[in-house]
Amino acid sequence: MRIRPIAASDLDELHALAQETGVGFTSLPDKREFLARKIETAVNAFDGTTPVSECLYFFVLEDEEAGRLAGCCAIESEVGREVPFYHYRVGNLAHSSVQLGLHRTIDTLSLSSDHTGDAEVASLFLRPSYRGSEHRHQRNGALLSAMRWLFMAEFRQRFPEKVLAEMRGVFNSEGKSPFWECLGSHFFPLAFEEADRLTGLGQKSFIGELMPKFPIYTPFLSQEARDCIGQVHEHTRPALAMLKKQGLRWEGYIDIFDGGPTVEAYIDDVRGIRHSHRYQVDVSAAQLPCEAMPRWLAATTELESFRAAWIGRGPNEDGVVLLSEGEAKRLDITSGETLRILDTQEIA
């Protein structure tokens, strides 16, 4: 298994992935023409023809043996520069009456675009057949999630101060969002799926045009909807747990449609960025020891030919990383070149 930039030839497989993501996965809609444009945008970002602030870096997890894609993930260099990037900000208003001797604090939701200009890690999806505890599937999700920090560390000058991640919110057994049914549906004459689809296609102007401009008092929402605020879809919990281990935290911003949390951090504080380092490579034809559960994540240092994969060992006492011929081929690297290495036990 290895990570690489997406290519034009991946369209069919990416479309298949999009059809498996399910409701609420806004950034990967089931629309072939849109996905083709997304691939083109990503290819231009990796070859350096796109301005740094407008880059979308889209990666795929490739199963080399099966010749298919197992998953994907992405990094948006700066959000909200062309299309407003909306959230609800969870706050509160205090009210008091001296005459009655009463003091109340009421939770509120306010429309916000406070994250304009931040980087975003997004579109993380792993096919169900590549999840689980069996040996050949171990750590696929961790590979998809953590490799983004190595990429950002290696190309730090391409990113701003902060990074965020939007988490999919709660849906009931019928596939409905209680938060949407109670709130958003009253302002948008659309089904959730249609509003979600338009957002995924980048058509977000209707949000600012139709959403209320004044704070929403959460006691007016149903208890079921209030319980969704800042909570994640059951399938999103592992991804949220990995982000929290990296130091991303919920600071009170939620998705305006499903109420899912947005977690964030200063990029230089992310543990995977702080703990990754560069080492020289030596490729060996000899049989090398390899741990059963991989802990060393390696990434190359060239933008257009970026690769990432698990390797069986870390740097030796001389600061050199020994690679087997298979590992070197997977990463497309030779002796004397450089890798960025992260010992994931340091951030566990």
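Here, each number is a calculation from the coordinates, and none is a lab measurement. The structure displayed is predicted, hence computed values, not measured ones. Ideal geometry is used to build each Cβ from the backbone, glycine not excepted, and the neighbour counts take in all protein chains shown.
Applying a length cut-off of 20 Å (Cα extent along the axis) and a mean Kyte-Doolittle floor of -1.0 to the DSSP H helices of the chain leaves 32-46, 140-154. Straightening the chain between S335 and H103 buys 76.6 nm, computed as 0.36 nm per residue apart minus the Cα-Cα spacing. The gain in end-to-end length when the M293 to K244 segment is fully stretched comes to 15.5 nm, 0.36 nm per residue minus the alpha carbon separation.
The string of couplings for region 48-59 from the Karplus curve (6.51, -1.76, 1.60, θ = phi - 60°) is x, 8, 9, x, 4, 6, 10, 7, 10, 9, 10, 10 Hz, one whole number per residue in order, with x for Gly and Pro.
Per-residue ellipticity at 222 nm, computed for the chain from helices alone with -39500 (n - 2.57) per DSSP H run of at least four residues, works out to -6500 deg cm²/dmol.
Using all pairs of distinct alpha-carbon atoms, the Kirkwood hydrodynamic radius of the chain works out to 21.5 angstrom.
Under 5 Å between amide hydrogens, built in the peptide plane, is the criterion, and for R2 it picks out E62, E64 among residues at least 5 positions away or on other chains.
Overall, region 32-104 carries a charge dipole of about 700 debye about its Cα centre when +1 sits on the Cβ of Lys and Arg and -1 on the Cβ of Asp and Glu, all other atoms neutral. Cross-link partners of K244 among lysines, defined as those whose alpha carbon lies under 30 angstrom from its own and excluding same-chain residues fewer than eight positions apart: K38, K162, K176, K204.
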